[in-house]
């Protein structure tokens, strides 16, 4: 009888994954997107490049995983208070996009997506698609009369993510005060039922 675990090979060492992702984030924050190569990450993490390629097929996938490892930090549990829920989600996205590795990595990732749009689809799924069902449920759980039943929840989430990207990447260079709560107020007004 063949041992199934032995036939699958040695299990992956999660410490290598953690070391590689940490090294990627450090390189992005300290030296930028262009300098964050698989070889540079391997040197910093103290692993072979082949160990990285076994886990991530390309540099882009590695950077995606390091910058946006998961969205578990986004609290999508509905409270019924649509203003509080939208504000909490907006702040979570702003924190996600404002992390040093994200600020360095996201512009380079967007350029890679433009160059090869059919190849790279992971990041759009990570920052939006995976969140959509829970976001729809959040709006559906709002207090009665707080959300127009015909509102397009996906469009609202797109506006929220777009606003968070603006706050993180563009607003600091405008000289204007952080619009913070004003954006949340506008989103609340956008989902509210129209008054006669």
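Put the Cα centre of the stretch 23-61 next to the Cα centre of the stretch 174-189 and the gap is 36 Å.
Radius of gyration over Kirkwood radius for the stretch 150-196, both on Cα atoms: the Rg/Rh ratio is 1.06.
Here the chain has an Rg and Dmax of 20.2, 75 Å, counting Cα atoms alone. Stretched out straight at 0.36 nm per residue, the stretch from residue 148 to residue 182 would grow longer than its current Cα-Cα span by 10.2 nm.
Of all the C-alpha pairs in the stretch 82-191, what % are more than 18 Å from each other? For the stretch 82-191, the fraction of Cα-Cα distances above 18 Å is 53 percent. Computed extension gain for residue 35 through residue 15, at 0.36 nm per residue and net of the alpha carbon distance, reaches 4.9 nm.
Across the chain, Cα pairs under 8 Å and at least six residues apart give a relative contact order of 23 percent.
The numbers here are math on the coordinates, done by the rules we state, and not lab data. Not measured: the values here are computed from a predicted model.
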